[in-house]
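Chemist: The following block contains the structure, expressed as C-alpha cells.
The values are calculated or read from the model by the stated rules, or taken from the named source; none is laboratory data. Bear in mind that the values here come from a model prediction, so they are computed numbers and not experimental data. Cβ coordinates were reconstructed from backbone atoms using ideal geometry, including for glycine residues, and neighbour counts include every protein chain displayed. Quick note on the areas: whole protein, heavy atoms, side chains included, nothing else; ligands and nucleic acids left out. Shrake-Rupley method; radii C 1.70, N 1.55, O 1.52, S 1.80 Å.
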Amino acid sequence: INTRPDPYNQTTAGEIGLLLSDIYACANNGGTLLAAFPGEITSEECQQILDILGRNYLGSLIQGGVPDGTRVAHKHGWTQSPLDMVSDAGIVFSPGGDYVITIFLWNNPEMIWTPTSRTVGNLSRAVYNYFNPPEAP
C-alpha cells in the first residue's frame, strides 16, 4: 500500500504521542524535554504550547467523544479531496486522569466525513470511559 506520504511532512501516531507526553511532562516541570534541552526550553513555554493547542476547538473527532467542557489540547488534520487521511492527537484532561490519545486513519477509497468523524469520536469516548467509568444507574 502506498499512502503517498510527503517526505518532508510526516510522523507516526507513536511519535506524536511521545511528543505530546513530553510537552505535558515539561509543563509540569519534568520529563525529557527539560532534561535534553536544559536552559533552552522552560515549563512555562511548554504550558503555553498546551494552552495554544487547547484553544483549537473543533467539536468533533477526539473532542466529539468527551463530555462538553472537557479540556482537550489537540492538533487535528485531514486531506481535502480525496478524504483518505484523518488524524487527531491530543491530551485529554479528565477527572479520572489526564491522558494522551492519537488516532490516525487512512483509507483508499476515500472516506466520508460524517461516519469517519463519528468513528474517531467513538474511539475517543471509549478511552475517556476507560479512565472515567460511567456510573451505573
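Chemist: Please name all residue pairs, on different chains or six or more residues apart, with Cβ atoms under 7 Å, provided the first residue is in the range 15-32 and is without any contact (Cβ under 8 Å) to a residue 40 or more places away in the chain and the second residue is charged (D, E, K, R) and part of a helix (DSSP H, G or I).
Modeler: Once the first residue is without any contact (Cβ under 8 Å) to a residue 40 or more places away in the chain and sits in the range 15-32, its partners that are charged (D, E, K, R) and part of a helix (DSSP H, G or I) give Gly31/Asp22; Thr32/Asp22.
Chemist: Return yes when Val127 is open to solvent by 30 Å² or more (accessible area, probe 1.4 Å) and either in a helix (DSSP H, G or I) or among the hydrophobic types (A, V, I, L, M, F, W, C) (or both) and no when it is not.
Modeler: Yes.
Chemist: Identify, by number, the condition in (1) under 18 Å from Val127 (Cα atoms); (2) in contact with a Leu (Cβ under 9 Å, 6 or more places away or on another chain); (3) without any contact (Cβ under 8 Å) to a residue 12 or more places away in the chain that Lys75 doesn't meet.
Modeler: So the condition that Lys75 fails would be (3).
Chemist: Would you point out the residue of the range 11-24, among those that are among the hydroxyl-bearing types (Ser, Thr, Tyr) and in a helix (DSSP H, G or I), that is most open to solvent (accessible area, probe 1.4 Å)?
Modeler: Among them, the one singled out is Tyr24.
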